[in-house]
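The next block holds one structure in the form of structure tokens; read it before the comments.
Please treat every number below as a calculation from the coordinates, not as lab data. Every value quoted in this text rests on a predicted model; they were computed, and no experiment measured them. All Cβ positions, glycine included, derive from the backbone under ideal geometry; neighbour counts span all protein chains shown.
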């Protein structure tokens, strides 16, 4: 499932993040492949706000479409 | 004997953005700090003295490498520093420990200052500083910048800073370079370090980063214990602002407040006093009287110093009387937005809209800065990622965004004419903004970068910090503007005295009178507008015009070329062809829109 499709309030695991540089920047912010995260809120057609490791991060829509996540039951 | 090692030791403050680093730095160095601009960047570092040692503050960073100017500057300072005081936000340990781990891996002598402990207590979170110190292998001092806790302890412990527990993967590669710092940067593929060691081997950046991330998270989780899931007010407000239903009204209220404060309070109430009472009422008669004693009236030098555009009359009256209150008011507003944590949230809210003109939410920073000073804002387009975004932002700034000095005068001129006139102005400029952005987005090749942004906690800004920031930005503006105004005054005085000015005005008449339907004298304002935008608008305020003419003049001057300083910066930041294209388009768009306004309405 893509990050852009996750509904607000759902928890998930980040499976893959595209692009070397973005992946490295994301690691610094605490967001990495394998990390547990929660979707706080999303602006339709706009950024997805997620909370990972107590840190709130905004991910632009085009990037959110490329990040693959796994919903937790 | 002289203890050279001790004397030479420099202390460097390092931390993520918004962790309260500058408060601790300030406590060490007092008020006597030296702000220096790093060559080739917009980034400032401040240094001062503490017990005879040099203490340097670095820009807030998430990690050390060469991703942006901030990191390059911090990297240089860190590599040359002896003791690193790493300020971390106890509420964001996972995020902050990444940088801490990197500093430790670099083999630097580190001491960690665990800030925001008052918040930690309030939220009933427990952090085991002793265990943290054990895990990292360096001293940890709990502190609270706001309450002044831990500052003395930090000062007493600073010399206990030591080399911590370096990650095994770094130790394993210790033979590849002279120092651990070099090893870390080499493994992480730092371009300059690769060059230094003439290596091109595939870097292990991701492997090292992943290991470090996991270690940082593990340590953070070990030392932190939360009683329950605490959802505090700051978090609630922060999340509420991200919802368009609350965020947009909030944004509009903010904008109205800013325009009211800058355009009315500063430009009219305060400037009436500083310009009208102090500069025109007291200063001008004084200086004219004084100079007249030495230089006879009607000569070239009398014109140069105290004439209509005199270096000692117009320049200081404009800069001190008019612009200083405006610019200070703008930077006060901007500092409030910045320090409260509003700006990243505005960036998120506008991300979708800005993507339509080829920008992402981050571009809101140069665009907002443009309302303060277009020149400074043009420099800040560097923080955008692709060349495409930089070009779009620079063009929008150069053509459509009025700077604070201009806004003050524009609001002053248009407000008395009523809401409809103001609305026409705003809609016209807004339309040009959208059209310019959309066209550039279509025409320019390539793709724009996407938003990936950390949202800091919302907090109540500290008045002291706000005051300091406003003061230093305003000082910077005045020192820059004074030079330009002196040169501008001199040029105009020479032009006027030699009669060239009236020739230029005669030449520009068809444009001014024919196209824009403005009074002949308005040409002065336009020529001055090339020197400085606000200069131009200020020149118009003395000419009697009909409401329609005022509207046309203000619109044209807003869209007209930016001031000479921002044109210079534009040429420096962008390629010559690109800058020239933006500059010329500005002229054409301004005259076209102004002409349409004059003839249609």
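Relative to the compact-globule scaling 2.2 N^0.38 Å, provide the ratio for the alpha-carbon radius of gyration of the range B:286-407.
Numbers: Rg = 20.4 Å, N = 122, 2.2 N^0.38 = 13.7 Å.
Rg over 2.2 N^0.38 Å, computed on Cα atoms: 1.49.
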Can you give the mean number of other chain Cβ atoms that lie within 10 Å of the Cβ atoms in peptide A:45-51?
-> 6
Distance between modelled label sites at residue B:426 and residue B:511, nm, 7 Å Cα→Cβ extension = 3.0 nm
Whole-number value, in Å³ per residue, for the convex hull of the alpha carbons of the range B:159-225 is 113 Å³
List the relative contact order of the range B:244-600 as a percent without decimals, with contacts defined as Cα pairs under 8 Å and 6+ residues apart.
-> 20 percent
Remind me, relative contact order of the range B:4-226 in percent, using alpha carbon pairs under 8 angstrom and six or more residues apart?
-> 19 percent
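What order do you get for B:279-285, B:468-474, B:139-145 when each peptide is scored by the mean count of other beta carbon atoms within 10 Å, highest first? Please list the in-between numbers first.
Values: B:279-285: 15.0, B:468-474: 17.7, B:139-145: 23.4.
Top of the packing list down: B:139-145, B:468-474, B:279-285.
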At q = 0.06, 0.08, 0.09 Å⁻¹, the log10 of I(q)/I(0) for chain B from a Debye sum over equal Cα scatterers comes to -0.38, -0.66, -0.81
Let me know the Kirkwood hydrodynamic radius for the range B:4-226, please, with Cα pairs as the basis and the value in Å to one decimal.
-> 17.7 Å
For the Cα atoms of chain B, what angle does the longest principal axis make with the long axis of helix B:244-259, in degrees from 0 to 90, nearest 10?
-> 50 degrees
In degrees between 0 and 90, to the nearest 10, how far off the longest principal axis of chain B does helix B:500-509 point, with axes built from Cα atoms?
-> 80 degrees
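So what's the range B:450-563 giving for Rg/Rh, alpha carbon basis, Kirkwood Rh from the mean inverse pair distance? Display every interim value, and only then the final one.
Working: Rg = 19.8 Å, Rh = 16.9 Å.
My calculation of the ratio gives 1.17.
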Helix-derived [θ] at 222 nm for the protein assembly as shown: sum -39500 (n - 2.57) over DSSP H runs of at least 4, divide by residue count, nearest 500?
-> -16500 deg cm²/dmol
Distribution of pairwise C-alpha distances over the range B:182-304, 10 Å bins, in % = 10, 13, 12, 13, 16, 15, 14, 6, 0
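Based on the mean of other Cβ atoms within 10 Å per residue, sort peptides B:241-248, B:319-326 so the most packed one is first. Show your work: numbers first, answer last.
On the way: B:241-248: 16.0, B:319-326: 23.9.
Put in order of decreasing packing, that is B:319-326, B:241-248.
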Across B:461-470, the residue-averaged tally of Cβ atoms belonging to other chains within 10 Å stands at 0
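Could you compute the FRET efficiency for residue B:175 and residue B:222, with r as their C-beta to C-beta distance and R0 at 30 Å, rounded to 0.05? Walk me through the intermediate numbers first.
On the way: r = 31 Å, r/R0 = 1.05.
Efficiency at R0 = 30 Å is approximately 0.45.
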Expected unfolding gain across residue B:236-residue B:194 under the 0.36 nm per residue rule, minus the alpha-carbon gap, is 10.6 nm
May I ask for the equivalent-ellipsoid semi-axes of the range A:3-71, computed as the square root of five times each C-alpha gyration tensor eigenvalue and listed largest first in whole Å?
-> 16, 13, 11
Packing-based ranking, highest mean first, of B:116-128, B:52-64 given that Cβ atoms within 10 Å are counted = B:52-64, B:116-128
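If the viscosity is 0.692 mPa s and the temperature 37 °C, what translational diffusion coefficient in µm²/s does Stokes-Einstein give for the range B:244-600 when Rh comes from Kirkwood over Cα pairs?
Numbers: Rh = 21.1 Å.
Using the Kirkwood radius from Cα pairs, D works out to 155 µm²/s.
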For residue A:11 and residue A:36 in the same chain, what is the full-extension length gain: residue separation times 0.36 nm, less their Cα-Cα distance, in nm?
-> 8.3 nm
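Across peptide B:127-137, how many C-beta atoms of other chains are within 10 Å of each residue C-beta, on average? Present the calculation step by step, with values, prior to reporting the outcome.
Values: counts 0, 0, 0, 0, 0, 0, 0, 0, 0, 0, 0.
So the per-residue partner count for this stretch is 0.
Any chance you could run the full-extension gain for residue B:260 through residue B:294? It's 0.36 nm times the residue separation minus the Cα-Cα distance, nm to one decimal. Don't skip to the end; give the middle numbers.
On the way: separation 34, 0.36 × 34 = 12.24 nm, distance 4.40 nm.
Taking residue B:260 through residue B:294 to full extension adds about 7.8 nm, to one decimal.
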Enter the per residue convex hull volume of the protein assembly as shown, computed from alpha-carbon coordinates, in Å³ rounded to the nearest integer.
-> 186 Å³
Take the Cβ-Cβ distance between residue B:587 and residue B:353 as r, set R0 to 35 Å, and report the resulting FRET efficiency rounded to the nearest 0.05.
-> 0.80
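How high is the relative contact order of chain B, given as a whole-number percent (alpha carbon pairs under 8 Å, six or more residues apart)?
So the answer I get is 10 percent.
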Nearest-ten-degree value, helix B:233-242 long axis tilted from longest Cα axis of chain B | 50 degrees
